Amino acid sequence: MSTRQSEDTAGLSRRNLLVAGTSVATATLLARGSTAAAAEVPGAAQPRPYSAASTGQSHANQRALPPGMPKRDYAPVVVPNGAKLPWKVVDGVKVFHLIAEEVEHEFAPGLKARCWGYNGRVHGPLIEAVEFDRVRIYVTNRLPAPTTAHWHGILLPNGMDGVGGLNQKAIPPGETFKYEFTLHQSGTGMYHSHHDEMTQIALGMTGMFVIHPRNPARRVDRDFVLMLHEWRIDPGAQRPNPNEMTEFNVLTMNARAFPGTEPLVARKGDRVRIRIGNLSPMDHHPIHLHGYQFRITETDGGQIPQAAQWPETTVLVPVGSTRTIEFVADEPGDWAMHCHMTHHVMNQMGHGLPNMVGVQPGALDTKVRKLLPGYMTMGQTGMADMGEMGMAVPKNSIPMLGGAGKHDYITMGGMFTILKVREELQSYSDPGWYDNLPGTLAINATEDELRRDGIDVKGPSQADPGA
Ligand SMILES: [Cu+2]
């Protein structure tokens, strides 16, 4: 097989015959799929395997395999700053229990708010399962409002899709609904409330849903999951404001803003996968990884055929989507990974300030100090000093910028984390800062070097015409 896509399709058809024992028509269809052009979009040229149209049933085929088990059938994913939803097996079915409830959540040291989430967490714990698992998910509503659970990107019978009013009655406060379906796909999906979406998603009612393939074509060494989100939390406020439409001031990965984000740790040579979901209310996030080129290998619509994967350094994760990237961690170091929208790597206090760049305060400070002792005009050279100076901020708020780094203050906050790749690791816990090898760190140029290379630091700056 030349591509993962065709391997997966072939795997499905084999299993379909073994497991589901469905009609000859299905087998023929799947056999056709396995020989069809690798770049064919699943579901476009033909019905999806196990769908009602492919099986001739009235809804997606619900037959399952015995539950897939961690280590034996899959390598569990890693959720920085996050958690997973526990499960147990009852009569061959994986049983989960989600509890929608109010949660006190810390976004970064210094900032907490009352959010809505699941099982004591924001976002909800990740659901991890295996292709052909049968899952039963109880959803208990401990919120003061009705809610539902929608399984984003998952192929299932219509009545399990969780859109309030359309697919089901919303779950009233105090009640528990049961969702049950068979997973006939692998990849990265999500879950979220689909009732009063503007309020409930803005308050945090989202989570990730990872389905491992039953027989993976390839394994990776590190498999990370990140969920992106954005919030409006006014300094000092107790709750995010769900009515905000444009001015988000807390930007998060797995509901944490830098410096609250845990690093992603890998050993040199590890094959690394990062699955990124975005259920922000309004914004797409271009996530940029330093030091690497990666391939975008899947969306929440499924695996991308190898021939169609293109190299990137930034992956745009639109609202309501997941994107998965893969690469080999071949270069040690502390590599930044962040949203490239500059206002998304700022923290709470950094937005909506007057533009003071280039202002010469002159005697202004002395005059104002007569009225406001300690007054100092700030921002004339930008924002970079403001986090580092430890500028006083209101109670329960985080300053505009990031945190201390190895060499200096890191002037980014928000949707920012660090990929830490090391030659030697005892474990995958945070190894601390990277020690740059001699001769591989940008430092002051010496007089000798400047003289040798004919660099006149006081001379006029130069630029040749572009033609
Ligand atoms: Cu962003």
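Among residues belonging to segment 170-223 that are in a loop (DSSP other than H, G, I, E, B) and among the hydroxyl-bearing types (Ser, Thr, Tyr), point out the one that is farthest from Thr140 (Cα to Cα).
To start, the set of residues in segment 170-223 that are in a loop (DSSP other than H, G, I, E, B) comprises 170, 172-175, 183-186, 193-196, 203-205, 213-221.
Then drop every residue that is not among the hydroxyl-bearing types (Ser, Thr, Tyr), which leaves 186, 193.
Working: Ser186: 26, Ser193: 12 Å.
Top of the filtered list is Ser186.
The rows are residues; the columns are (1) crowded, with 17+ Cβ neighbours inside 10 Å; (2) modelled with pLDDT of 85 or more.
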position: Thr3; (1), (2): yes, no
position: Gly11; (1), (2): yes, no
position: Arg14; (1), (2): no, no
position: Gly21; (1), (2): no, no
position: Ser51; (1), (2): yes, yes
position: Asn61; (1), (2): yes, no
position: Pro76; (1), (2): no, yes
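Being away from the ligand (no atom under 16 Å from the Cβ) and touching a residue at least 40 places away in the same chain (Cβ under 8 Å): is that true of Gly207 here? Steps first, please.
Numbers: away from the ligand (no atom under 16 Å from the Cβ): yes; touching a residue at least 40 places away in the same chain (Cβ under 8 Å): yes.
In short, yes.
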Fill in the blank from the handout: The residue from Arg232, Arg239 that alone is within 16 Å of the ligand (Cβ to nearest atom), farther than 30 Å from Arg72 by Cα and either within 15 Å of the chain's Cα centre (by Cα) or basic (Lys, Arg) (or both) is Arg232
Practice task
Say whether the condition of being touching a Lys or Arg at 6+ places or on another chain (Cβ under 8 Å), more than 17 Å from Asp161 (Cα to Cα), part of a strand (DSSP E or B) and at pLDDT 95 or above is met by at least one residue in segment 246-253.
Solution key: no
Exercise for the section: Residues that are crowded, with 17+ Cβ neighbours inside 10 Å and within 16 Å of the ligand (Cβ to nearest atom): find the strands (runs of 3 or more DSSP E) completely inside segment 277-350 holding 2 or more of those. Expected result: 285-289, 314-317, 321-328, 333-339
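From Leu183, Leu226, grab the single residue that is within 16 Å of the ligand (Cβ to nearest atom) and crowded, with 24+ Cβ neighbours inside 10 Å. Step through it out loud before you land on a result.
Values: Leu183 fails: within 16 Å of the ligand (Cβ to nearest atom).
From the options Leu183, Leu226, the qualifying one is Leu226.
Looking at Ala257, Ala237, which one is buried (at least 19 other Cβ atoms within 10 Å of the Cβ) and among the small types (Gly, Ala, Ser)? Give the derivation first.
On the way: Ala237 fails: buried (at least 19 other Cβ atoms within 10 Å of the Cβ).
After ruling out the rest, the residue left standing is Ala257.
The values are calculated or read from the model by the stated rules, or taken from the named source; none is laboratory data. Keep in mind it's a predicted model, so treat the numbers as computed, not measured. Cβ atoms come from the backbone with ideal geometry, glycine included; neighbour counts cover every protein chain shown.
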